[in-house]
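Read-outs: derived from the displayed coordinates by stated rules, not from any lab. Note that the coordinates shown come from a computational prediction; the quantities given were computed from them, not determined experimentally. Cβ placement follows ideal geometry from the backbone for every residue including glycine, while neighbour counts extend to all protein chains displayed.
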Amino acid sequence: MKGQEEPGIIGMVLIGILVVGLLYLLIEFVFANMVPLFSSGSVQIVSRDLAGLITIAGISPYKITIEYSPTADVLYNVSVDSRIVTVYSLETNPKPMTISSGVSQYATAKTAVDNIKTIIDSAKSFEIQKSTQFTGQGRENVYSVTGK
Amino acid sequence: MKGAEKVLNTFMLALIAIGGFVVVMLFFLNYYVQTNAVIKTSDVDRHAIALGNLYLSSDKLAYTLGKTLNRDVFSKEKLDKEMINQNNVLQYTKIFSDSPIFKDVSFPNSIVVLYVQDAESNDRWFLIGHGSLGQNGFNYFDYENCLMTKLKLDPQTIGRIFVYTTVFSGPFPLWDQYDFKECESSYNAQVGASLKDFPVAIRVSDSEVHEGYLVVWLREI
């Protein structure tokens, strides 16, 4: 009688291990791929926002200043070169359920305006400025991105 | 017999667990793919809207008086100078020349068609160009050559240009969608496209301003 029950118990334990393993894969997938799409502090969102704000600054005919603070507790390294904005996340204390090994630590986005070449280290918030200078050859738009 | 039944039951339970997992995984995968597609499409749409607004503020097209730039008001003089006037067939030679408009404002790895129409006089201008290219293994010059082969300079094409410029109006008179798609597929280009239009005023002279519109057609690679 006892011998007949053993295969069932072993089977149930194996199924339990299988289910836990599969659930781990599922949670890993969700947090690695889906959470960054919606998290306001993820590098994908920050790079897209920064590139969009730099582009939008160019719409102003004269000068404009835009302040952008994506999230309170994450630092970012940012580089802007050749109309490509690259954002690196400096998450110093990774939280196991929000940053898993599969999460990308950097992302890039495109901007449409030139005259920017910036490297920013460890910034929480950003200031985008656009001004128009009048030279002998006409108007020249100058952009700057600073971090603090 | 009872032991064999339990093994079978356990096997069935394992199958149900795996089946359940596959269903849940497919649900998330489907959601993930759909969300990504929506984000990418909205990216191209947002870029096209931003581009249109940037061109409305561009001093290459907008009417300026001293230091004052009149956003949303295009100067006919500048349109004639910077863009190709569809009523002047000779200007078609400027089709692939680098335009300062796109050097100033364009997204990397993108192809842009600008089209301006004066709604009152029916004057039309267009321009095709690209932002900085070379990423993702896409070679614009191969793409351009491919498009050029579609634009054969034979009597049939010249006749087609003549018919388009005199009879039809539209932003893409020299190629149809199939020509673009054929060239893109031969270079394995991953393309998202968006077309947006914007109302604009066109300053014809000191005393004459017409209503018109700007169409921005953006293809991102």
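Below are the figures for this structure:
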item: Projected label distance in nm at A:Thr146 and B:Val24, using a 7 Å step from Cα toward the beta-carbon; result: 5.0
item: Fewest-first sequence of B:His130, B:His210, B:His47 by Cβ atoms within 10 Å of each Cβ; result: B:His210, B:His130, B:His47
item: Eligible aspartates and glutamates near A:Lys148 by straight Cα distance, threshold 18 Å, same-chain separation 8 or greater; result: A:Asp49, A:Glu67, A:Asp73, A:Glu91, A:Asp121, A:Glu127
item: Among A:73-80, B:113-120, B:29-36, the order from most to least packed when residues are scored by Cβ within 10 Å on average; result: B:113-120, A:73-80, B:29-36
item: Greater than 19 Å apart at Cα, pairs in A:Lys110/A:Lys130; A:Lys110/B:Lys81; B:Lys40/B:Lys196; B:Lys60/B:Lys81; result: A:Lys110/B:Lys81
item: Spin-label pair B:Glu182/B:Ile39, simplified geometry with 7 Å Cα→Cβ offset, distance in nm; result: 3.6
item: Summed residue charge, Cβ within 12 Å of B:Asp59's Cβ, Lys/Arg positive, Asp/Glu negative; result: +2
item: Cross-link partners of B:Lys103 among aspartates and glutamates (Cα-Cα below 14 Å; sequence separation of 8 or more within a chain); result: A:Asp114, A:Glu140, B:Asp59, B:Glu82
item: Theoretical gain in end-to-end length, A:Val13 to A:Gln105 [0.36 nm per residue, Cα-Cα removed]; result: 29.4 nm
item: Cα lying deepest toward the dipole's positive end in region A:39-147, options A:Tyr143, A:Gly41, A:Tyr68, charges on Cβ; result: A:Tyr143
item: Peptide A:11-18, shielding by other chains (average Cβ, 10 Å cutoff); result: 4
item: Compactness relative to 2.2 N^0.38 Å, alpha carbon Rg of region A:39-147; result: 1.15
